Amino acid sequence: MNRRGFATTALISLLALAGLAVGGRYWSVAHVARWTGRQDLGFVNCTYCHGQRLEKLPWTQPRPRHPSPAALAVSSDGKRIYIALDDLDEVVEADTTTRQILRRLPLAGRPFGLALDAHSERLFVACRDADEVVAVDRREWRVVERIGVGSAPVALAFCRTKAGDRLIVANSISDDASVLALSPLRELSRPQTGREPYSVGVAGDGSVAFVANRLAVPQHYLALPESELTLIDPVRGRVLQRTPMLSAHLSEGVATVPGRQWALAPVIKVRNLVPITQVANGWVMSCGLVISDQQGNVLQMPLDEANDYFADPSGIVVDPSGTRAYVASGGSDVVSVLDLERMAEWLYRADEAAKAAAVDDLTLSAEYVLARIPTGRNPRHVALSPDGRTLYVSERLDDSVLLVDTGTLRAAGRIILGPGGLDDPIRRGERVFTKAAHTFQRQFSCRSCHPDGHVDGLSYDFDGDGIGDNMLDNRSLLGLAGTAPFKWIGKNPTLEVQCGPRFARVLMRTSPIPPADLKDLSTFLQAQPPPRWERRRGKPLTPAQERGRKIFFASVTSEGKVIPRERRCHTCHRPPLFTNRLPSNIGTRGPRDSTSMFDTPHLLGIAHSAPYLHDGRAKTLEELWTLYQTNDLHGVSSYMNKHQLNDLVEYLKTL
Amino acid sequence: MTGPPVQRGARRRSSQALLTLAGTMMLAAGSGCQKTAPPDSLIVTQVPPGAQPARPAATLLDQRYPAGSRVVLVPPPYQAKDARVLSQGLLAAGGAVAVPGGTRVYFAGKADAGSAWQIYQARASGGRPQPVTSVPGGAMDPAVTADGSLVFSSPVPKPDGLWSGSNSPALFAQSPGGSPRQLTFGARPALEPTTLTDGRILFVSGRPVSAAGQLPRLGLFTINPDGTEFTSFALDRDGAPLVRRPRELPSGRVGFLAGPHDGGLLVAETIRMARPFASRAPLISEGPPQCTSIGPGPEGGVVACWKAVKPGASEAGSVAVHLLAQAGTSKPSLLFDDPAWDDTEAATIQTQRPMGHISSMNPGKGSGSILCLNAGFTRSGAGQEGKPDRIRVVTLKRGERRVLGEAPVEADGSFMIELPADQTFGLETLDSQGEVLQQLPPSLWVRPGENRTCIGCHEPSNRSPRNQRPLAIAQPPVRLREGSQAVAQQNCPP
């Protein structure tokens, strides 16, 4: 081919390619407009709708497992300690003197909570994913009984009552507590608790059980949030009292105090209704201790200090004399030692006004905090030897249990369960996620608002876009891989952008998380599956759910009218992630919102992430259509009767 | 090439070694390799014993560091013979601070009698110090923030009338190679900054006074490294007439020197950061009568300078550096004494870098906002001072009070206003008759784009807000602008 021929061919090829590109672009814009029914989108990358496969997502891939210690239980002779390793599906027995593991018991279903009976003959284990409690014979070291309870049991407590021995079990997903009789195990009742019951403590005489709940019950998004302390009669299995803990939530521990009629529950004092204009002085949140008497009268005391904070209080234990309490702060890697006698003295002196204002006074904890003991990464559960001389602390992200001499308040050794998993980026990312040191004065961690990567159920007012504007619901981080962009307005293309300098500026008020840590954090977040995904996957639908599925994918109403494509559920909430990752106007713009276009959230695990809509105004899935539907903009639902709506909700709960 | 092969080989090896050495040196220089001071080294300001400043001293620093004063680095085991002069070639120097890790030391220095005090930088490894500031009126009291920026106070005031005069030093920040940026805009001087481990800048300033001519009591205040969130940190109604040299100490304490205005004795005191307004105590229970410096010491201890009295000696010797293993509880021991000098200031080089801070300012905006949750919430309790009906904002213009405007107080006591940035302002709560209920004389400021919040007026310190949605944020903030008229000060409860 001569030079002219070559040039002509090249020119024609280029023109053809350009024509193809321009034509392709026109075709794709028309394609998007046709299949979404929207003319405003313009060109959209193919991957928004095509090529999404759950099997490719990080959270469906196998991941390394770690011997992360959860609950601890010490035998009545103090010689043995039992450690739940939920990630390995094991419970182990260790010698408290030699600190060596003696026996391992495989136990499927993520064993998380532990309790021993009065003579330490039986060990009871709450298996979080199996929805059951198993009884292990200590001598034979085998499972001798098992019983089904509510969904996701995470904690249990043994008590003796005049009517016999009891186990009280906190079922974190079904929002109830199982009251079990022993020998044989049988469920006496399953009373409703608050939202996400997470720990149980029982009075020494077995007269009352205290169940602390992690999340506030959804109410109006501008109302004062309240989580619940549920008081249960262990004999009859009935609720005695439902005590609201005002502006307090994420309670992960509760302990009763011998000699006093107190139950103590560490909480996060959240201030979500106040604009986040600053972090100093606990403006976003601080940590406190709820003190309840046996009638459910509560008051709150601070755990933090004026210029230092002890984030994510979790486990609590009180010594046998009732004079000291030990509180593990998972975000700060610290155990705080509280002098309960000094606290009681202060309460005796204080008038009602001082008691009511106590939890907001950051200088008060100096009255009764004896020491802050440094620990390994993410201390969560605590236990004491029967004589109160040794404190055991589960260092969850170090794979170890710390022993503390309570006389000297110094570390006395460790039970090593594993190497710590630092070669695993998911584990490293979880360390970043739980580390409060990235925030000004260590006030909170990512986990403080996203317990276990999920939601705290509250809405917040960030000041970056104006005080009082753009109130935003806290979204779940579970199952978010593949759902970029992030943020309710879909502004951030990656998790690194979402959690990087922008986050440091609006929330942490410190230097941004270093890039290597940010990468690990992103890896960790993308490895988190939607709640209970494996249990729902492939499960056949009930007739109601099947009817709901048909409504979800319907293109015509039951009256035969065609539903415009842009208002069909599955157009925006497109499987398999149930989002097309594009912003939409569903008519929910509030008077202080700066936009009408909000990111389309994925629906995987949506049953567990109330409240709903960008500002959290809908307390339930039903309210999306009964209270907040606006001219059929958020899907066409005006034709549905209540049964159809219920069916639709039933189907959504299977996602 | 001539000569035997062995010689040629040796020559080649020598030139290779020389080339390697030169390359290494070039690499080291290029990568900014800097020698650090040995761990736990002391940075000491030494003043010639009995030196008197020229009468009258031109500035506060001429009085504090007379001619001949110098800054030295003393590595462990703290022998006078090991002291290395860092302020070589300067007429006088003092007030030194090292960057974390100890590669560089900043101090105030004066090149000659006719020049102004400026901040100098010296390498810990030695060499002549270089000036890093060149600001009119001079600069003093260097501190270093987490990002390596230099913070200092400027101008250097005259020795008398600092707190009553109009020559009011402010704090400035200067990035390496950058220009100074003003951080404080209050009506009172801002002096002696130091960086806390949480990243804030702690400094000394005067509390506002209600009556004209009244001398202020001094307190400790904090700002973020960008000048936002000006906050009272410690010393409130118990503020001393003179407060100097605040420094964060180990074990969650802040130490400082306190004394009377008239040049009397300065005593070392501490406060606990856990309850800074209610934990003031002497550093040493039976302490020396006069202390000239306090700072963090080696191995979690505290170093303080005072005149050493040798056992059996009838008279005090020179000012020396003492070590307390723990503030308030242990007996001090002599750490370093150079008998030829008064060692008036000392601190060990810190290894821990303070926490960084990302600015929330919007430099393109000319205003900032103030949201108060409840103007009726005071130290006396909610509503004890009367029910505020509106808020009046006053500012200072050439020493004259001017009203910027008024804004309504909502039923829950909240108000929200938008104000010009970087301008001193004060607040007055008024009842429905226009009578002043509470008054805060002009002493605050907001930075561009800053959203400031408070829980009340004269509210108790170290309080967290109640979790409630203030009514004032239902509407945009009330915008107040300059151009209002001057007003006379009204009497009101302090």
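The values are calculated or read from the model by the stated rules, or taken from the named source; none is laboratory data. Small disclaimer: the values here were computed from a predicted structure and weren't measured. So basically every Cβ, Gly included, is an ideal-geometry build from the backbone, and we count neighbours across all protein chains shown.
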For this session: Scan the stretch A:252-269 for residues that are in contact (Cβ under 8 Å) with a residue 60 or more places away in the chain and either within 14 Å of another protein chain (Cβ to nearest Cβ) or β-branched (Val, Ile, Thr) (or both) and jot them down.
Result: A:254, A:256, A:257, A:268, A:269
Problem set entry | Scan of the stretch A:587-599 for residues that are in contact (Cβ under 8 Å) with a residue 40 or more places away in the chain and surrounded by fewer than 20 Cβ atoms within 10 Å (Cβ to Cβ), ordered by number | A:587, A:590, A:592, A:593, A:594, A:595, A:597
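Report whether or not residue B:232 is within 14 Å of another protein chain (Cβ to nearest Cβ) and in a loop (DSSP other than H, G, I, E, B).
no
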Seminar exercise, completed: By residue number, the members of the stretch B:236-274 that are at positive phi, within 14 Å of another protein chain (Cβ to nearest Cβ) and modelled with pLDDT of 90 or more are B:252
Exercise. Does the stretch A:315-333 include one or more residues that are under 18 Å from residue A:247 (Cα atoms) and more than 9 Å from chain B (Cβ to nearest Cβ)?
Worked result: no
Exercise. Quick one: which of B:177, B:101, B:137, B:109 is at pLDDT below 95, closer than 22 Å to residue B:73 by Cα and not hydroxyl-bearing (Ser, Thr, Tyr)?
Worked result: B:101
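Check whether at least one residue in the stretch A:347-358 is under 27 Å from residue A:508 (Cβ atoms), free of Cβ contacts under 8 Å to residues at least 60 places away in the same chain and in a loop (DSSP other than H, G, I, E, B), and report yes or no.
no
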For this session: Would you mind finding the one in B:136, B:159, B:189, B:155 that is surrounded by fewer than 21 Cβ atoms within 10 Å (Cβ to Cβ) and farther than 20 Å from residue B:120 by Cα?
Result: B:159
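Per-residue answers, yes or no, for (1) modelled with pLDDT of 90 or more; (2) among the acidic types (Asp, Glu); (3) touching a Gly at 6+ places or on another chain (Cβ under 8 Å):
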| residue | (1), (2), (3) |
| --- | --- |
| B:431 | yes, yes, yes |
| B:446 | yes, no, yes |
| B:449 | yes, no, yes |
| B:452 | yes, no, yes |
| B:468 | yes, no, no |
| B:471 | yes, no, no |
| B:479 | yes, no, no |
| B:482 | no, yes, no |
| B:486 | no, no, no |
For this session: Would you be able to tell me the number of residues in the stretch B:31-87 that are at pLDDT below 85 and of a type outside the set (A, V, I, L, M, F, W, C)?
Result: 10
Exercise. Restricting the search to the stretch A:162-186, which residues are part of a strand (DSSP E or B) and among the charged types (D, E, K, R)?
Worked result: A:165, A:166, A:176, A:186
For this session: Considering only the stretch A:351-368, state which residues are closer than 13 Å to residue A:300 by Cα and either away from chain B (no Cβ under 14 Å) or not polar (S, T, N, Q) (or both).
Result: A:352, A:353, A:354, A:355, A:356, A:357, A:358, A:359, A:360, A:361, A:362, A:364
Problem set entry | Residues of the stretch A:488-511 classified as away from chain B (no Cβ under 14 Å) and assigned to a loop (DSSP other than H, G, I, E, B), total | 6
Problem set entry | Positions within the stretch A:523-578 being of a type in the set (Phe, Trp, Tyr) and in a loop (DSSP other than H, G, I, E, B), in sequence order | A:553, A:578
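State whether the residues of the stretch B:420-432 include one that is free of Cβ contacts under 8 Å to residues at least 60 places away in the same chain, surrounded by fewer than 16 Cβ atoms within 10 Å (Cβ to Cβ) and more than 30 Å from the chain's Cα centre (by Cα).
Step one: list which residues in the stretch B:420-432 are free of Cβ contacts under 8 Å to residues at least 60 places away in the same chain, which gives B:421, B:425, B:427, B:429-432.
The next check asks that each one be surrounded by fewer than 16 Cβ atoms within 10 Å (Cβ to Cβ); those that pass are B:431-432.
Going one step further and asking which of them are more than 30 Å from the chain's Cα centre (by Cα), we end up with B:431-432.
Yes, there is a match, as at least one residue in the stretch B:420-432 is free of Cβ contacts under 8 Å to residues at least 60 places away in the same chain, surrounded by fewer than 16 Cβ atoms within 10 Å (Cβ to Cβ) and more than 30 Å from the chain's Cα centre (by Cα).
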For this session: Scan the stretch B:179-202 residue by residue and report those that are of a type in the set (Asp, Glu) and without any contact (Cβ under 8 Å) to a residue 60 or more places away in the chain.
Result: B:192
Problem set entry | Candidates A:514, A:485, filtered to the one that is more than 9 Å from chain B (Cβ to nearest Cβ) and over 23 Å from residue A:604 (Cα atoms) | A:514
Exercise. If you take the residues of the stretch B:201-217 that are crowded, with 24+ Cβ neighbours inside 10 Å and at pLDDT 90 or above, which of them is nearest to the other protein chains (Cβ to nearest Cβ)?
Worked result: B:201
Exercise. Taking the stretch A:128-144, which residues are buried (at least 17 other Cβ atoms within 10 Å of the Cβ) and either farther than 20 Å from residue A:253 by Cα or not β-branched (Val, Ile, Thr) (or both)?
Worked result: A:128, A:129, A:130, A:131, A:132, A:134, A:135, A:136, A:138
Exercise. What is the number of the single condition among (1) farther than 30 Å from residue B:306 by Cα; (2) more than 14 Å from chain A (Cβ to nearest Cβ); (3) in contact (Cβ under 8 Å) with a residue 60 or more places away in the chain; (4) surrounded by 15 or more Cβ atoms within 10 Å (Cβ to Cβ) that residue B:400 does not meet?
Worked result: (4)
Seminar exercise, completed: When the stretch A:579-613 is checked residue by residue, the ones that are among the acidic types (Asp, Glu) and part of a loop (DSSP other than H, G, I, E, B) are A:593
For this session: Please list, ordered by first then second residue, the pairs with beta carbon atoms under 7 Å, 6 or more apart or interchain, first in the stretch B:39-68 and more than 19 Å from residue B:293 (Cβ to Cβ), second of a type in the set (Asp, Glu).
Result: B:54/B:62
Seminar exercise, completed: Residues of the stretch A:270-300 being within 9 Å of chain B (Cβ to nearest Cβ), assigned to a strand (DSSP E or B) and polar (S, T, N, Q), in sequence order, are A:286
